[in-house]
Amino acid sequence: MATSKAKKTDQLSKLEKKFEQAKGIAFIRFIGPTVDDVQKVRRELREKGMSYTVIKKTLIALASKNIQKVEFSSRDLEGNVAAIVSANDEIEPASAIKKIKKDFFNKQTKTSKFDFAGAIFEGKFLDKEKTQVLANTPTKEESFAKIIATLRNGPQKIHATLLHGLKGITMACKEADKFCKN
């Protein structure tokens, strides 16, 4: 069924608003998910402050071009595609696709109902391979947690090393002293 021009214009303006407010945008390819599958994905994304929008690829490319995010062709996105948008984090949409792909992976056929299609990151369009690399990048919160853990554990490890090192030197001196007396 063809979509009317008025409806396309409305969809385009809504998507442009989402893209304007977005920090992170990724595109997910879907192959045969059920309505329940899509509802589950939408619910999980909404809980994390993201949206999932199924819309024509030409409108996705046009919305990106209109708000000057990045220019790309609808042919750069393969298959049926939805846009995942996050207003909070640049990497979170790509990470979400990684999790979704894993959640809907079929071990028997070795395929998933969802896969990477691309992303917009730092003013550039990323193909699906580069989007997979982006998905493996730690989020801001994960990076902060690693820094805090390092700062927290660093002094403890230095203290333990010095303490054990001094004990070792003391024990070696005592043993040497015993050896010399004999």
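The values are calculated or read from the model by the stated rules, or taken from the named source; none is laboratory data. Treat the numbers as computed from the prediction; the structure is a model and nothing was measured. FYI the Cβ positions are ideal-geometry reconstructions off the backbone, even for glycines, and counts take in every protein chain you see.
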Point to revise | Of all residues in the range 31-60 being surrounded by 13 or more Cβ atoms within 10 Å (Cβ to Cβ) and of a type in the set (Asp, Glu), the one that is farthest from the chain's Cα centre (by Cα) | key: Asp37
Exercise for review: For the range 61-81, name all the residues that are more than 16 Å from Leu12 (Cβ to Cβ), of a type in the set (Asp, Glu) and over 21 Å from the mean Cα position of the chain (by Cα).
Suggested key: none
Exercise for review: Identify, from the list Ala87, Ala63, Ala26, the residue that is surrounded by 19 or more Cβ atoms within 10 Å (Cβ to Cβ) and within 25 Å of Pro138 (Cβ to Cβ).
Suggested key: Ala26
Practice item. Write out, first by first residue and then by second, each pair whose Cβ atoms fall under 6 Å of each other, whose residues are 6+ apart or on separate chains, and whose first residue, in the range 30-55, is aliphatic (A, V, I, L, M) while the second is assigned to a loop (DSSP other than H, G, I, E, B) and modelled with pLDDT of 95 or more. Key: none
Revision key, fill the gap. Pairing a residue in the range 60-71 that is under 9 Å from Glu16 (Cα atoms) with any residue that is of a type in the set (A, V, I, L, M, F, W, C) and in a loop (DSSP other than H, G, I, E, B), where Cβ atoms lie under 8 Å and the two sit 6 or more apart in sequence or on different chains, gives Ile60/Leu77; Ser64/Val70; Ser64/Phe72
